[in-house]
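Read-outs throughout are calculated quantities, based only on the coordinates presented, and are distinct from any laboratory measurement. Since the structure is predicted, the reported quantities are computational estimates derived from the model, not experimental observations. Here the Cβ positions follow ideal geometry from the backbone for every residue, glycine too, while neighbour counts run over all protein chains shown.
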Amino acid sequence: MNIVIPNLGDIEEVEIIELCVEPGDVVEVNDTLVVIESDKASMEIPSTVAGTVMSFEVAVGDTVAEGDLIAKVEEEGVAASDGGDTDAVPKTAQASVPEPGPVQEATHDAPPSTDSTSSSSEIDVLVPDIGDAGEVVVIEVAVKPGDEIDVDDLLVVLESDKASMEIAAEHAGTVVSVMVEEGHEVQQGTHIATLKVAQTSQSAVVESPAPVASPPEMASSDSQPSAQPAVAPQVESTDQSDAARRVYAGPAVRRLARELGVDLTKVTGTGNRQRITKDDVKSHVKARLTGEVEAGSGGWPAVPQIDFSKFGPTSLLPLTRIQQRGADNLHRSWVNLPHVTQHDEADITDLEEFRQSLKKEAERKGIKVTPLAFIIKACCHALKEDPKFNSSLHADGKQLVIKDYINIGMAVDTPEGLVVPVIKNANEKNIWQLSQEVVELSDKARNKKLGIDDMQGGTFSVSSLGAIGGTGFTPIVNAPEVAILGVAKLQTKPLWDGSNFVPRKVLPLSLSYDHRVINGADGGRFITYLAALLSDLRRLAL
Ligand code: CAO
């Protein structure tokens, strides 16, 4: 049986980067024979028959195209001379391997992706052939309507219970609409997004291929985590003589590694042929945390791993996806940003009186007004006063990106975990509008109705634990923002008015900031100004 290169979609040539077996080896159906790689991704070519590998017709480094002969496999029970030299295209996508098949087949098999009702330059992006994965979950939506995208820019990330895959744009252009949200379940053919392509050939419009999906855990020879949010692994050295330095990991794994600051060359892969899986990356991080990784390899101080069952019964409580992602984000911020937290108190006796006086009017309007709306309003004023707090540190570490808009992220406690929806252009909204948006966004958060857009673009965050309690806490900055305000529970305290102690309503404030961007004096001025605004609302009119 001749094994040939299968349909590669619109990829013309690929390189052989690995021969996985040797002549004489006995293989089963779906055993990988070779790994090929394009400039977008790599994929395995399995044997379609069980038998003995007679010969390889290619060598590592060869460039091959669809239909090229790779290997000859003598089928079990079929004599070599029986004319069994028929070409066999591996049917990876239909095989019962535990991972989706190569994207190129998906591309080929995907329904025509042109929306017949839309203009000729609009292309519908569909979920490609995902093998036997059935339904997969959208775990990340990387674009929103209006975004300009380039070829290979990431659109969405899908995840099955076995692996994740990235769907990238095949055309440069503009995102017209995004049909899916995080958490949506999709399957082959599901409409993901519509793109308006900037420039496309006639054939691309008429028969536009589905986007290139990088199959999970696809091997790649990329030996360096990319600094860019690259979608597909970049082809670098494929030097087989130095196999130990090769990094075998798919795009999703590379992304995770980048997010966690993991050098993939230091990770031991446990997948097929030492391919690095997400679990490997996580185990590596755990090992670093527990000091199992050798000293000097960038490990953090060790946290001992303890068998708690030695001391009594234990059980495992799985974390929700939101909790897991939140943990990653908080950890990333905590280890990357030098945090300082500054505390102060605002006398909001007058604010509370005013707020109570609004109750009837608020009821008529159907709006619930809590102190939070005033706090957000005051934050907007303070951010205008010192725009450094409304900035992000530029990647070069030498300048600040000052944002002219003010979008306030609001921490919301939900049964699934902490989420931070964003009140856009909060500085342009009045107390009624802010109050309404606080309620709307927290309702959406608790009902799992937040869209990606609701959670993007924050420039400063507020975390209010006021209704719950506490006298103060140290919130973690929601990086790449540079500051966050924590609000604790209002208390009535005796304050000295110059001649007497009088009962006043005092609100504890805790401002955490990135000390690379904000120094203590800035922090002191910001929180003092904020407290002054809340203590005397007339100042908001200045
Ligand atoms: N002190 C005392 N009472 C307060 C208060 C404060 N600082 N802030 C709010 N309250 C009161 C409200 O006035 C309301 O009382 P009334 O109904 O009598 O007016 C009550 O507490 C409940 O408020 P709420 O929680 O419904 O509304 P909110 O606007 O204060 O907060 C939200 C909304 C979404 C921020 C909040 O519900 C929430 O989820 N907070 C948790 C945030 C969190 O988990 N942060 C930690 C993240 S780690 O940094």
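Using only alpha carbon pairs under 8 Å that are at least six residues apart, calculate the relative contact order of segment 383-542 and give it in whole percent.
Details: 269 pairs, mean separation 29.2, N = 160.
Taking the mean separation of contacting Cα pairs over the length of segment 383-542, I get 18 percent.
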>> Please list, by residue number, everything in segment 478-521 whose backbone N is under 13 Å from a paramagnetic label point 7 Å out along Cα→Cβ of GLU353.
In response: 503-505
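Too long at a 22 Å Cα-Cα cut-off: which of LYS429/LYS493; LYS359/LYS449; LYS144/LYS424? Walk me through the intermediate numbers first.
Details: LYS429/LYS493 32 Å; LYS359/LYS449 28 Å; LYS144/LYS424 15 Å.
In this structure, LYS429/LYS493; LYS359/LYS449 exceed 22 Å between Cα atoms.
Once the piece of chain linking HIS515 and THR414 is laid out straight, how much longer is it, given 0.36 nm per residue of separation minus the C-alpha distance between them? Working shown, then result.
Details: separation 101, 0.36 × 101 = 36.36 nm, distance 2.98 nm.
That works out to 33.4 nm of additional length.
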>> With every atom except the alpha carbons ignored, what do you get for Rg and Dmax of segment 1-40, in angstroms?
In response: 11.7, 34
> How much length is gained on full extension from ARG364 to ASP307, taking 0.36 nm per residue of separation minus their Cα-Cα distance?
Replying inline: 14.7 nm
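When a/c reaches 1.5 or more, the comparison of a/b and b/c decides; with that in mind, is segment 311-458 rounded, prolate or oblate per its Cα gyration tensor?
Working: a/c = 1.77, a/b = 1.20, b/c = 1.47.
The shape class here is oblate.
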> How do 177-183, 387-393, 55-61 rank on mean C-beta neighbours within 10 Å, highest first?
Replying inline: 387-393, 177-183, 55-61
